[in-house]
Amino acid sequence: MSLTAEVRRHPDGTVEIAFGGEIDIETAHEISDAVTQILHTEQPPRIALNMRAVTFIDSVGISALVACFQAAGVSGTALVVAEPSPNVHRTLWVTGLHGLFGAPEPALTP
């Protein structure tokens, strides 16, 4: 399955990237690519990764999120996960990374 990404810019300077689909070994690089492109061209104060429509995330996807968090931090940009699907929320919780990404509440509907 493929991963979709839609970029939205908010008035407060936040760049939101809404992902949809599965984040796994075949698609995790797309998260890193999207975040890296934003950091190199805009350097916003905050990047929100909207995970409402993400149906699956594996350990490679989690590793990509952590790498993005670190890269954003070096650039002075806060990176958070917004509206995680129940699966993403559970995975962040089980791995102990829920707080790292802003302790997001799970999305109520996909």
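Any residue in region 48-67 that is assigned to a helix (DSSP H, G or I), under 12 Å from the mean Cα position of the chain (by Cα) and within 21 Å of HIS10 (Cβ to Cβ)?
Yes, region 48-67 has at least one match.
Between GLU26, GLU6, GLU105, GLU30, which is modelled with pLDDT of 95 or more, open to solvent by 30 Å² or more (accessible area, probe 1.4 Å) and either of a type in the set (S, T, N, Q) or assigned to a loop (DSSP other than H, G, I, E, B) (or both)?
GLU26
Take region 9-23 and flag every residue that is of a type in the set (D, E, K, R) and not in a loop (DSSP other than H, G, I, E, B).
Listed by number, the residues that qualify are ARG9, GLU16, GLU22.
Take THR27 and decide whether it is polar (S, T, N, Q), touching a strand residue (DSSP E or B) at 6+ places or on another chain (Cβ under 6 Å), free of Cβ contacts under 8 Å to residues at least 60 places away in the same chain and under 16 Å from SER75 (Cβ atoms).
The answer is no for THR27.
Scan THR41, THR4, THR95 and give me the residue that is in contact with a strand residue (DSSP E or B) (Cβ under 6 Å, 6 or more places away or on another chain) and among the polar types (S, T, N, Q).
THR4
Taking the condition of being part of a loop (DSSP other than H, G, I, E, B) and either under 19 Å from ASP24 (Cα atoms) or charged (D, E, K, R) (or both), how many residues in region 69-95 meet it?
Matching residues across region 69-95 total 3.
The values are calculated or read from the model by the stated rules, or taken from the named source; none is laboratory data. This structure is a prediction, so every number in the text was calculated from the model and none was measured. Here the Cβ is made from the backbone with ideal geometry for all residues, glycine too, and neighbour counts use every protein chain on show. Only protein heavy atoms, including side chains, enter the accessible area calculation; ligands, DNA and RNA are left aside. Shrake-Rupley method; radii C 1.70, N 1.55, O 1.52, S 1.80 Å.
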